[in-house]
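Take a look at the structure set out below.
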Amino acid sequence: MNVEHYDAVIVGARPAGAATAMLLARAGLDVLVVDRSEYGRDTLSTHALMRAGVLQLARWGLLEAVVAAGTPPIRRTQFHYEDGTSEISLKPAAGVDALYAPRRTVLDAVLVDAARDAGATVRYGTTATDVVSDGSCVTGISLRDERSEYVVRARLTIGADGMNSRVARLVGAATTRAGRHASAFAYGYWTGLDVDGYEWFWRPGVMGGFIPTNDGAVCVCVGAPTEGFGGVSYAQLLERAAPDARERLAHANPPAALRRFAGRPGHLRRATGPGWALVGDAGYFKDPLSTHGITDALRDAELLARAVVAGAVQDFEAERDRLSEQLFGVVDELAAYEWDNGQVRRLLLALSSAMTDEVEALAALDRPQVPTMPV
Amino acid sequence: MRVEIQLLGGFDVRVDGDAVDAGTWERKQAALLVKLLALAPKRRLHREQCLDAIWPELTLDAAGPRLHKAAHYARKALGTRDALVLRQDTVALFPSAEVTVDVDEFEHLAVRALHHGDADAVSTALAYYRGPLLPDDLYDEWAIARREHARALHLDLLRQAGRWDALLREDPADEDAHVALMRAYRDAGDHRAALRQYERMDRSLREELGMAPSPAATHLRDEILAAMAAPPAPPAIACDALVGRAGELATLSRLLEEAGTGRGRAVLLSGPPGVGKTALIEALREQAFASGWRGGVGTAAAVEGAWPYAPVLEAMADLGRRHPALLDGLDDLYRAEIDRARRGEDAPWHRERGDGPRAIARGPDRIGAPRPLGHQRLFIAAAELMRLASAGSGLLLVVDDAHDADEASMRLLHYLARNATTERVLLVLARRNVKAPALDEMRASLQHRGVLVDIDLGPLDLDATHALVRRHRPDATDETVQKIFTLSGGIPFAAVEVARRGEDALDGSVVGGIDNATREVLQRVAIAGMTFDTDEFVALSGRSDEKAFAALDVALGASVIERVESGYRFRHALVREALLADLAPHRRRQIDRDAADRLAALGASPARIGHHLLRAGDPAAVPHLLDAAETEAALGAYRDALELVDAVRPHARGQDAARCSALRGDLLFALGDTTAVSAFREAMQLTTGSEQRLVRAKLARAALYSGDMDLAGVTLRGLEPAGDLADSAIMLAKANHAFFSGDIATATRLAEHARELVELETGNWQLLDLIALQGLLAHNRGEWYEQLRVELNRTRDAPNLANAVFDGHLCVAEYLLYGPVPYGEVLELAEALRATAARAGAVRAVAFAAALAGEAALLAGDLERAERELQEAVDRHRELSATAGEAHSLQRLAELRLAQGDRAAATELLQRALPLARWSAIALHLLQRIYGTMIRAAPGPLEARAAVEMADAAHGTDDFCPFCQIMFEVPAVIACADVGDLDAASSHYAAAERSAELWQGTAWQAGLLEARAHVAAARGEAREAATLLDQAAAEFERAGQPLDVTRCRAGLPAPSI
């Protein structure tokens, strides 16, 4: 039997996996990316891309496709607190002049298409069942599709298979930092809801978000501490999180179905080991209240790809951690819901600060390394 | 019939080719109706749409007849009955004629041209755009969206046609146009012009915090620079100057590290010019950036005649440019505040420009008029940006040449330094040891609090000089080094110059290697400041582009100037100074005058133009500097504005002299300085007509506040309404005078008259003054409740006005609370008010009633009820966005927490109240009571004293309500006395006494006694103190304030001296 050989095999064709595949393929590597689901399948998400996430799409030349799919531009953010609302206009910076919250049917497809266009092989309906090792180093992976089980060899096996990553478990990736707190979330898509930007609601014990996405829909999510989440309805939570939006919600069409996320504390895992690497939630997960998961996935895809191409895959982890450290801590504190109005504002300042560092780090990737003007 | 209607660039109608004579539009509303219908689809609208658009302030019933009248006049002007047809509920314009409306045509052509991209079509469409839509109706709501749409299409057409210059005239910040022009210049080989284009783009973007050319544009700029014969790299000063500075750098590093743990500080780095302050700071910055810190730098006197707050705002702007994404976390309110200050802009101020007679538009009313404490909002905004930027590893903010900074900058820095103590912030100020009173004052105050660290930078010793010289002349002998050491006096800048260029370098000039023609150009540039861009360089040089560029190249080549992000700067302040030192006085005056002309041609600020004219001894400086002073006043830089006014006063003649003295009076009044009276007196002599009447009203007001009833009376005598803009101020002054003279009947009558004159718009100060007076009057008659009820009915349908009215009652409500009306009765009043208000649906009044009830319950010692009512008041006010009411309720709730013994909770509530209060129109009433309570909430005597100081720094003497002042001054006296600071205690006591005079017969007399008791105790007069305290307790008892009685009966804490 012919065993396939790749430079890299990636498990998971969601944003982290697809983007990593695209970048590696663009760098000339032979890449296979597999996913047990199917092309264009929707998935649970908060959608909201932050500036760093949009920056990545723009840098990769993929933003146009997202915009062309009718994803509405976001140029305004509102933060609603118990004691007032703060409004922030998003001005052009780092080459990004609007944010976007694409439906996952749009975003994931754009990324996978780009990976294919770059020469990566994409296989859906394919599950990774085990990693193959030569005793000291991971050398490939066992895959199963509806017809057969087979092994592919790869110099690098990348787990982009989400927070419950099987690859992480199989390679025994240790957790290097664990969050202590978690929110449970409920999500629904509303239509006819009058929203012209991201809106975040922070009230003691609860948070919510209005996130305008494609086709006139608004993803309305509410989160609260995992303990005590059960027994409270979506409507009740929404009322608690966003009483100031009561009127608007009353005039809109509520979702036909809800999706729920039970909550799980954040983690940072070892990002690389002999023959393997983890990217996206598989290696670095934080509470969804940050609405920062996709943005970080797109960031880490690039950090990992660059490390791989530079032949220094082991450098990825330090860079990932450096850019994640502050945000991870802040998000965990937010997820504790032990803050009052003043404290949550402070935590969100720290969150903004951490996001700024991230944008700047990514923007700097393109900067030519020549001495610039004295300033 | 054929009708052509022109709306673009102006309004014109032609019927069958004949223009309708502009003179026939005798009624503005008739023309408006035609314009409105011309813009409507099919030129028809429902009549109610017309009424809403043209008479938004009237009810439909009231506006109906006006529509018929307007239609009548429109038909008359258009010369035909068929021009306007009102049928059923529809109004139509020329329904049966063949009509073309130019904007419709334009839009149609533009959309097609843009779609097809055909050059001819684009120019045809462009020719159709004669200017903005209806330029004479800029404030009419219904035309705005359409005007914007047409403008956007026009810009797109210009872009499509590649008409970049025209595009930039319309939108100076259009990056596409700038970049296209840069490319064109580069392709033509004109690199200088390409760079100048980049600077122009940079300058137009700079207006907004965090905006900067895109990475692509910057990349293009770098390419162009690389293509040019790059000037030699500037000498590595940082490395040089750091010889012999290991100790200082270690100290700074330690401070940086400490600040990184959340204990922010200010550092004042002092030393003579050339000693290496900037270089040391550069080294510190490098270190900070390497540890992930953020930073911003501002330099005082970067240009002569800068805006108020310039160096601090420049540092903030620098921070924003370096970290634009950071602004994703800054509330728009804060960003707008900082931008406004950076542009020297204050909305209401500027709106007045060009409207109405100059005398009134520029009149003193501007300062007394809507002025919601602009500078305090700026302070909060700057502090918030500081907090945000420091939320990461840390923030290093630098103000260089701080000895040159304005007083306003010092106050802002002071505020930032105090707020930095709990943040990861290091503020570094560098100064020369020259006279700088505002800086010294700030230093003393911050040092007192342990917030500031002094570092003195002295000359290098021989060993260090040795090392430095060897770097530049490795072959230098010991003898040479010794000589250089002697010549330079250990100043590194001088030592390096000599080492490089020989002893001549010290021989009169540090500017070597340039010819005389270049030197003269550089002198002309140096006169305007340290930094400049290409446009300024060329203009100031007075030479052709070609010659100016040649001089620029020579100067760059000789390292006299160096390139910076936004243009150029002199390599060192000493270089600039050396250039200017060569100038004979008469020559310098000439150059100053030229600079003024050339800056004026560039559209520079009045401050810059006036500054040079003043130095040239040219009286033409006066109007410019008065404009500048008005801007400074608008930004709360009262003292700087006053300095300008005083500088031009000797030169001002005629109208300017009048304007000058009136402005001076306003500034002094704003500063709480009683010499405002004499300033207004002088202004009275110099003014005539309406202007003089306004000045007289102001003089009377100032006299009243300074307690001079006679002068107020004399001033107002014979002053009657005359149908001008001074009327309301006059009536208000007269009413106040009558009230304070005890003539209640006259006061009532005059106040009612004033009410008819004062414009009923939210936030108008005159309105608040008036309502407060009417409240006082009503209270005096025992009809305060009745008065409230009247207000209630009046404001039922006008929520914005309701806010103003009830905010205006705040002071009066206090009078009621501390006055002789028993609390039970106040509570009943509040209940009744609440019931009435609830029935009427006047929610703002319900909230007010809750606050009133809560306050009364609190003072009466019913804590449970107070808790309930005040919480309710907080919630209600918040729902209504009634920030003043919310702040007020929070402050009272904080007092309740204090009464419950929970200082921490009280402090937290006050922290919430503070920003709300600052953003309210009645900040000057609220702030004093909030600060007063903060003092009471402080955990110990030292902290209380510090709170007094912080309050002094924050509100200074700038803005005060003489009534509310007591709520701050009494706790301030006590706090100062308790730490044995008798000087401060007695000055606060004097202020408290003045305010207390307005509170005769109220519990505040008891408060004053209590304060005196503390002062006596601090003096060691224990028996006197005990007696006073007993008296205070008795007075409090009489007023029915049991909590205060208990406190006084408990005696004084042991003095902590």
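The values are calculated or read from the model by the stated rules, or taken from the named source; none is laboratory data. Small disclaimer: the values here were computed from a predicted structure and weren't measured. In this analysis, Cβ positions are derived from the backbone assuming ideal geometry, glycine residues included, and neighbour counts consider all displayed protein chains.
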Inset, instruction - Count, please, the residues in region B:915-932 that happen to be at pLDDT 85 or above and within 20 Å of A:Asp340 (Cβ to Cβ). - result: 1
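Considering only region B:538-559, I want to know if a residue exists there that is touching a Pro at 6+ places or on another chain (Cβ under 7 Å) and either farther than 21 Å from B:Pro273 by Cα or at pLDDT 90 or above (or both). I'd like the intermediate steps shown before the answer.
The initial filter retains those residues of region B:538-559 that are touching a Pro at 6+ places or on another chain (Cβ under 7 Å), namely B:556-557, B:559.
Right, trim to either farther than 21 Å from B:Pro273 by Cα or at pLDDT 90 or above (or both) and you get B:556-557.
So far as region B:538-559 goes, yes, one or more of its residues are touching a Pro at 6+ places or on another chain (Cβ under 7 Å) and either farther than 21 Å from B:Pro273 by Cα or at pLDDT 90 or above (or both).
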Inset, instruction - For region A:264-272, indicate whether the set of residues that are in contact with a Gly (Cβ under 8 Å, 6 or more places away or on another chain), within 14 Å of another protein chain (Cβ to nearest Cβ) and buried (at least 23 other Cβ atoms within 10 Å of the Cβ) is non-empty. - result: no
Inset, instruction - Could you pull out every one of the helices (runs of 4 or more DSSP H) wholly within region B:538-646 that has 1 or more residues that are within 14 Å of another protein chain (Cβ to nearest Cβ) and not aromatic (Phe, Trp, Tyr)? - result: B:545-557
Legend entry - Failed criterion for B:Lys28 (all others in (1) crowded, with 16+ Cβ neighbours inside 10 Å; (2) free of Cβ contacts under 8 Å to residues at least 24 places away in the same chain; (3) within 20 Å of B:Asp12 (Cβ to Cβ) hold): (1)
Inset, instruction - Looking only at region B:425-475, count how many residues are part of a helix (DSSP H, G or I) and crowded, with 17+ Cβ neighbours inside 10 Å. - result: 12
Inset, instruction - Tell me, please, whether a residue that is touching a residue at least 60 places away in the same chain (Cβ under 8 Å), exposed (fewer than 14 other Cβ atoms within 10 Å of the Cβ) and not hydroxyl-bearing (Ser, Thr, Tyr) can be found in region B:162-180. - result: no
Inset, instruction - Write out, first by first residue and then by second, each pair whose Cβ atoms fall under 8 Å of each other, whose residues are 6+ apart or on separate chains, and whose first residue, in region A:177-195, is within 24 Å of A:Tyr100 (Cβ to Cβ) while the second is among the hydroxyl-bearing types (Ser, Thr, Tyr) and not in a loop (DSSP other than H, G, I, E, B). - result: A:Ala186/A:Tyr234; A:Gly188/A:Tyr234
Inset, instruction - Go through the residues of region B:651-660 one by one and say whether even a single one is in contact with an Asp or Glu (Cβ under 9 Å, 6 or more places away or on another chain), among the basic types (Lys, Arg), more than 20 Å from B:Pro437 (Cβ to Cβ) and surrounded by 18 or more Cβ atoms within 10 Å (Cβ to Cβ). - result: yes
Legend entry - Odd one out for A:Ala307 among (1) within 17 Å of the chain's Cα centre (by Cα); (2) at pLDDT 95 or above; (3) buried (at least 21 other Cβ atoms within 10 Å of the Cβ): (1)
Legend entry - Filtered residues of region A:196-215 (kept if among the aromatic types (Phe, Trp, Tyr) and in contact (Cβ under 8 Å) with a residue 60 or more places away in the chain): A:Tyr198, A:Trp200, A:Phe201, A:Trp202
Inset, instruction - Name the one entry in A:Ser86, A:Ser45 that is surrounded by fewer than 21 Cβ atoms within 10 Å (Cβ to Cβ) and either of a type in the set (Ser, Thr, Tyr) or modelled with pLDDT under 95 (or both). - result: A:Ser86
Legend entry - Answer residue from region B:322-340, given it is more than 20 Å from the chain's Cα centre (by Cα) and in contact (Cβ under 8 Å) with a residue 24 or more places away in the chain and is surrounded by the most Cβ atoms within 10 Å (Cβ to Cβ) among those: B:Leu326
Legend entry - Tally of residues being in a strand (DSSP E or B) and in contact with a helix residue (DSSP H, G or I) (Cβ under 7 Å, 6 or more places away or on another chain) across region B:5-43: 5
Legend entry - Residue selected from region B:288-321 under the condition surrounded by 22 or more Cβ atoms within 10 Å (Cβ to Cβ) and in contact with a His (Cβ under 7 Å, 6 or more places away or on another chain), by the criterion farthest from the other protein chains (Cβ to nearest Cβ): B:Gly305
Legend entry - Meets criteria (within 14 Å of chain B (Cβ to nearest Cβ) and touching a helix residue (DSSP H, G or I) at 6+ places or on another chain (Cβ under 8 Å)) for A:Gly119: no
Inset, instruction - Taking the residues in region A:97-108 that are touching a residue at least 60 places away in the same chain (Cβ under 8 Å) and either among the hydroxyl-bearing types (Ser, Thr, Tyr) or under 22 Å from B:Arg335 (Cα atoms) (or both) as candidates, determine which candidate is nearest to the other protein chains (Cβ to nearest Cβ). - result: A:Leu99
Inset, instruction - Would you mind telling me which numbered condition in (1) touching a strand residue (DSSP E or B) at 6+ places or on another chain (Cβ under 6 Å); (2) more than 30 Å from B:Arg500 (Cα to Cα) B:Ala438 fails? - result: (1)
Legend entry - Long-range neighbours under 6 Å by Cβ, at least six apart or interchain, first residue without any contact (Cβ under 8 Å) to a residue 60 or more places away in the chain within region A:246-268, second loosely packed, with under 14 Cβ neighbours inside 10 Å: A:Arg248/A:Asp194
Inset, instruction - Give region B:587-625 a look and list any residue that's under 23 Å from B:Asp640 (Cα atoms), modelled with pLDDT of 95 or more and among the acidic types (Asp, Glu), or say none. - result: B:Asp592
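Name the single residue that is surrounded by the most Cβ atoms within 10 Å (Cβ to Cβ) among those in region B:206-221 being assigned to a loop (DSSP other than H, G, I, E, B) and facing chain A (nearest Cβ under 8 Å).
Restricting to residues being assigned to a loop (DSSP other than H, G, I, E, B) and facing chain A (nearest Cβ under 8 Å), the top hit is B:Gly210.
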Inset, instruction - Select the helices (runs of 4 or more DSSP H) contained entirely in region A:280-375, then report the ones holding at least 3 residues which are out of contact with any Lys or Arg (no Cβ under 6 Å at 6 or more places or on another chain) and either without any contact (Cβ under 8 Å) to a residue 12 or more places away in the chain or at the interface with chain B (Cβ under 10 Å from one of its Cβ atoms) (or both). - result: A:316-336, A:341-365
Legend entry - Residue tally, condition in a helix (DSSP H, G or I), within 14 Å of chain A (Cβ to nearest Cβ) and hydrophobic (A, V, I, L, M, F, W, C), over region B:377-402: 7
Inset, instruction - Consider B:Lys28 carefully, then state whether it is under 30 Å from B:His154 (Cβ atoms) and in contact with a Pro (Cβ under 9 Å, 6 or more places away or on another chain). - result: no
